[in-house]
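Asks: One structure follows; several queries about it will come next.
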Amino acid sequence: MTRPVLEVRDLAVEFDTENGRVRAVNNVSFSVNAGEVVGLVGESGCGKTVTGLSLLGLVPSPPGEVVNGKILLDGHDLLKLNEAGMRKIRGSEVSMIFQEPMTALNPVLTLGYQMTEVLRLHKSLSKRQARNAAIEMLGIVGIPVPSKRIDEYPHEMSGGMRQRVMIAMALSCGPKLLIADEPTTALDVTTQAQVLDEIVRLQHQFEMAVILITHDLGVVAQTCQRALVMYCGELVEAAPIEPLFASPRHPYTQGLIRSIPRIREHKIDRLPVIEGMVPDIAALPDGCHFADRCNRVQADCHERSPVLTPSAEAGAVACWHPLEPQHD
Amino acid sequence: MTKPLLEVRNLVKHFPVRGGGFSFMRQQLKAVDDVSFTLLPGQTLGLVGESGCGKSTLGRALLRLQEPNSGQVFFEGRDILQMNRAELKAQRRDMQMIFQDPFASLSPRRTVAQTIREPLDVHGIGTSLERRKRVEELIELVGLRAAVLNRYPHEFSGGQRQRIGIARALALNPKFIVADEPVSALDVSVQSQVLNLIKDLQLQLGVSFVFISHDLAVIQHISDVVAVMYLGRIVEQAAVSSLYASPKHPYTQALLSAVPAPYPAAGAKRIILAGDVPSPISPPSGCAFHPRCPAAQAKCQTTEPQQTTLQSGGHQRHFTCHYPLGN
Ligand SMILES: Nc1ncnc2c1ncn2[C@@H]1O[C@H](COP(=O)(O)OP(=O)(O)O)[C@@H](O)[C@H]1O
Ligand SMILES: Nc1ncnc2c1ncn2[C@@H]1O[C@H](COP(=O)(O)OP(=O)(O)O)[C@@H](O)[C@H]1O
Ligand code: SF4
Ligand code: SF4
Ligand SMILES: [Mg+2]
Ligand SMILES: [Mg+2]
């Protein structure tokens, strides 16, 4: 029986903005099992990063505030912890890596300094032990000649190498859960393939759970076992990736899958699109937030907001008129 | 035979840079190194390669937004590199550019109408009334309503701003547009909308494009001919269908294989290139791709491969490799 490492219940996060208070994350519930890679996917502004930051108590406050919910890590509610308690969790139990490693690395300190600092904070190692552990970790993430590169500064490395360093730092204390926020978005496809491979390999090796945040469904298809699809701050569909890609239930998921530019055997004249654009979260329409763009919309969609409802296929969908599951 | 619209021969753009490490000597960074291709009227050439391989530099050099060091760029038979300022200004009416971040290239203090009209003002085209009508025509052409004309760029989403950038580029009815990663910053659902628009405009107006992207799926959709760049050089060039169906250069094959398939494909074998792109300041000996090439043999380290040209199905294809892939 797999047990959840992480259980998020009814998470809601709000921000104070020029246009008043906005709800960036609304009633989001999901769980992540030990050893599982879960994709959190959706277009920019839909609330992926804010969801990830909430899990680490990193939502900037003000202007942000977690207004509701529970975040249970191995059954313990992280939202009940104070800052000191949260700091103990961060890096040791739950780690996060970001799209642009330069923003997370200190440019004036060597990699060695930054890595040993994390290790010594959480693991009471001696300087020498920490340095050796850091070198080992750099080797594990595929950095050539780690004993030499450990004394370099972040700017001396390429984008792909820096992302590997971030992964090495994030994993150095053996977290149960890694949150990777668009870790390959800034990289070339070639480097993206290397880094994704590395994440999957390390996830097996360290038996940790991963939440992979991305706007790229192709990345989800290649790396994840399950995916959560977000739209306007809400989860609209959750499912294991095979049924999700073979037979999406939510019209938005279907539109997203269809609109990914893909290499085709035969060229087509026009790419399928989702008409219109994502509404402003400061002025969301009543009822289903996707209604203005939906090709299955009916009158009741404008009146009542659909809620995420489990379906027979181990998935869940928030739609009044979902697509029928296809069986083959 | 159709005359080419654009014929590029042996184009070179080097940047003087300081050497790395302990060397403070001036060195040359070969951003574009001996590039040649031709583009027929109404055709789109897709330019693809990893970041830093010289795509943007090549795009800018074609329009002389950056002066090339040497080579020739014939536009309708006339070498634009030999033109004086006045001739170049006149020629620029036919040659436009679209950028990745339309916000950066649009002045925040100008309304949409002013932004789109600017090229008409610069080239003194039409009366003020005619310019206004042309601007209205253009905004509709790119799928926006005339009501947006009095608003400012920051009020628009990324996709809308890119449409405004496109309208501006079309103002002078150019024959040729360099589009540098125009959809890379957009979300997928909007990306497809803008790609469809560009494709419509190609067909409707017969504009030729050099379309730069690092995304091979986007390149396939939009291009007639594709050129693959590595360290400043075109290493393979072919009609889109042959390039995707049977790449000849191992680098092209590796790029194609790295694109994540948009569906779960358990066990699909991908070629994962080891290492990073080497520095263009001191590229590797022989074939510059050899340190990363899965097909490399001893000769590749020492001897630079020459370009091979094949005729296939009425098209020419070129590749630069000692051991090209079979079919
Ligand atoms: N610091 C902040 N201040 C105000 N609003 C914010 C802040 N951070 C995020 N938001 C808002 O929250 C929403 C979700 O943002 P985010 O989680 O970053 O989206 P994603 O990662 O999916 O692109 C956005 O509409 C954004 O404007
Ligand atoms: N103004 C410049 N001065 C020095 N080097 C430059 C300049 N512009 C580009 N380069 C270098 O030229 C190479 C090609 O750059 P670029 O054309 O931007 O590549 P791409 O568009 O394919 O990412 C890179 O190594 C880049 O660092
Ligand atoms: S609830 Fe209605 S509008 Fe919303 S996705 Fe479902 S069918 Fe479309
Ligand atoms: S010449 Fe050699 S190293 Fe270069 S691409 Fe061909 S096989 Fe690879
Ligand atoms: Mg984000
Ligand atoms: Mg570029």
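Each reported figure results from applying straightforward, stated rules to the coordinates on display, with no laboratory input. The structure displayed is predicted, hence computed values, not measured ones. For neighbour counting, all protein chains shown are included, and Cβ atoms are generated from backbone atoms with ideal geometry for every residue, glycine included.
Asks: Considering only the other residues whose Cβ falls under 13 Å of the Cβ of residue A:209, what net charge follows from Lys and Arg at +1 and Asp and Glu at -1? Please report the intermediate quantities before stating the final value.
Replies: Working: positive: A:3, A:176, A:226; negative: A:7, A:36, A:74, A:93, A:207.
So the environment of residue A:209 carries a net charge of -2.
Asks: Roughly how far apart, in whole Å, are the Cα centres of segment B:63-114 and segment B:233-299?
Replies: 32
Asks: Moving to a separate point now. Summing +1 for each Lys or Arg and -1 for each Asp or Glu, what net charge is found among the other residues whose Cβ lies under 14 Å from the Cβ of residue B:202?
Replies: In short, +1.
Asks: Considering lysine pairs in chain A that are 8 or more places apart or on different chains, how many have Cα atoms under 25 Å apart?
Replies: 17
Asks: Next question. Excluding residue B:64 itself, calculate the net charge of residues whose Cβ lies under 12 Å from the Cβ of residue B:64, where each Lys or Arg counts +1 and each Asp or Glu counts -1.
Replies: On the way: positive: B:13, B:60, B:85, B:89, B:92; negative: B:67, B:79, B:87.
Summing Lys/Arg as +1 and Asp/Glu as -1 gives +2.
Asks: With label points built 7 Å along Cα→Cβ from the Cα atoms of residue B:82 and residue A:88, find their separation and express it in nm.
Replies: For the pair residue B:82/residue A:88, the computed spacing is 7.9 nm.
Asks: What is the extension gain from residue A:266 to residue A:284, computed as 0.36 nm multiplied by their sequence separation minus the C-alpha to C-alpha distance, in nm to one decimal? Intermediate values should be presented prior to the final figure.
Replies: Working: separation 18, 0.36 × 18 = 6.48 nm, distance 3.91 nm.
Taking 0.36 nm per residue and subtracting the Cα distance, the gain is 2.6 nm.
Asks: Here is a further query. Find how much the distance from residue B:315 to residue B:122 grows on full extension, using 0.36 nm per residue of separation minus their present alpha carbon separation; answer in nm with one decimal.
Replies: Details: separation 193, 0.36 × 193 = 69.48 nm, distance 4.00 nm.
Separation in residues times 0.36 nm, less the Cα-Cα distance, equals 65.5 nm.
Asks: What average count of beta carbons from other chains do you get within 10 Å of the Cβ of residues in A:193-203? Walk me through the numbers before you get to the answer.
Replies: Details: counts 9, 6, 0, 4, 2, 1, 0, 0, 0, 0, 0.
Whole-number average of other-chain Cβ neighbours for A:193-203 is 2.
Asks: Follow-up. So, in Å, what gap is there between the alpha-carbon centers of segment A:216-238 and segment A:1-69?
Replies: Centre-to-centre (Cα) distance: 14 Å.
Asks: Here's a follow-up. Report, ordered by chain and residue number, the lysines lying within cross-link reach of residue B:175, taken as a straight Cα distance under 23 Å and ignoring same-chain residues fewer than 8 apart.
Replies: B:3, B:55, B:89, B:133, B:199
Asks: Right, another one. Quick one: go through segment A:154-171 and flag any residue whose amide nitrogen is under 17 Å from the point 7 Å out along the Cα-to-Cβ line of residue A:113.
Replies: Residues A:154-157 qualify, since their backbone N sits under 17 Å from the label point.
Asks: Enter the Cα centre distance for the pair segment A:146-178 and segment B:150-227, rounded to the nearest angstrom.
Replies: Cα centroid of segment A:146-178 versus Cα centroid of segment B:150-227: 37 Å apart.
Asks: Further, regarding this structure: How many percent of all Cα-Cα pairs in chain B sit more than 35 Å apart?
Replies: Result: 25 percent of Cα pairs exceed 35 Å.
Asks: Right, here's the next one. Considering only B:83, B:229, B:95, give the residue with the highest GNM mean-square fluctuation for chain B, with springs between Cα atoms whenever their separation is below 10 Å.
Replies: Top of the fluctuation ranking is B:83.
Asks: Considering every residue in B:106-115, what mean count of other chain Cβ atoms within 10 Å of its Cβ is obtained?
Replies: Values: counts 0, 0, 0, 0, 0, 0, 0, 0, 0, 0.
What the average comes to for B:106-115 is 0.
Asks: Can you give the FRET efficiency to the nearest 0.05 for residue A:121 and residue B:72, using r as the Cβ-Cβ distance and R₀ = 56 Å?
Replies: Efficiency, rounded to the nearest 0.05: 0.40.
Asks: Given labels modelled 7 Å from the Cα in the Cβ direction, how far is it in nm from residue A:100 to residue A:307?
Replies: 4.0
Asks: Would you mind checking segment B:96-119 for residues with the amide N under 16 Å from a putative spin-label position 7 Å along Cα→C-beta of residue A:19?
Replies: Nothing falls inside the zone, counting backbone N under 16 Å.
Asks: To the nearest 500 deg cm²/dmol, what mean residue ellipticity at 222 nm is calculated for chain A from DSSP H runs of n ≥ 4 alone, each contributing -39,500 (n - 2.57), summed and divided by the residues?
Replies: Rounded to the nearest 500, it is -9000 deg cm²/dmol.
Asks: Please report the orientation-averaged projected area of the protein assembly as shown, defined via the convex hull of its C-alpha atoms, in nm².
Replies: Over all viewing directions, the protein assembly as shown projects a mean Cα-hull area of 32.6 nm².
Asks: While we're looking at this one, here's another question. Would you calculate the separation in nanometres between label points at residue B:40 and residue B:298, each defined as 7 Å from the Cα along the Cα-to-beta-carbon direction?
Replies: In this crude label model, residue B:40 to residue B:298 measures out at 4.5 nm.
Asks: Give, in nm to one decimal, the length gained when the segment between residue B:325 and residue B:245 is fully stretched (0.36 nm per residue of separation minus the Cα-Cα distance).
Replies: Additional length available on full extension: 27.6 nm.
Asks: From the C-alpha gyration tensor of segment A:198-328, pull out the three semi-axes of the equivalent ellipsoid (sqrt of 5λ each), sorted largest to smallest, in whole Å.
Replies: That gives 26, 19, 15 Å for the three semi-axes.
Asks: If you count, for every residue in A:249-262, the Cβ atoms of partner chains within 10 Å of its Cβ, what is the mean?
Replies: Numbers: counts 0, 0, 0, 1, 0, 0, 3, 4, 3, 4, 9, 9, 16, 9.
That average works out to 4.
Asks: While we're here: Taking the Cα atoms of segment B:267-327, report the difference between the largest and smallest coordinate on each principal axis, in whole Å and largest first.
Replies: That gives 37, 36, 21 Å along the principal axes, largest extent first.
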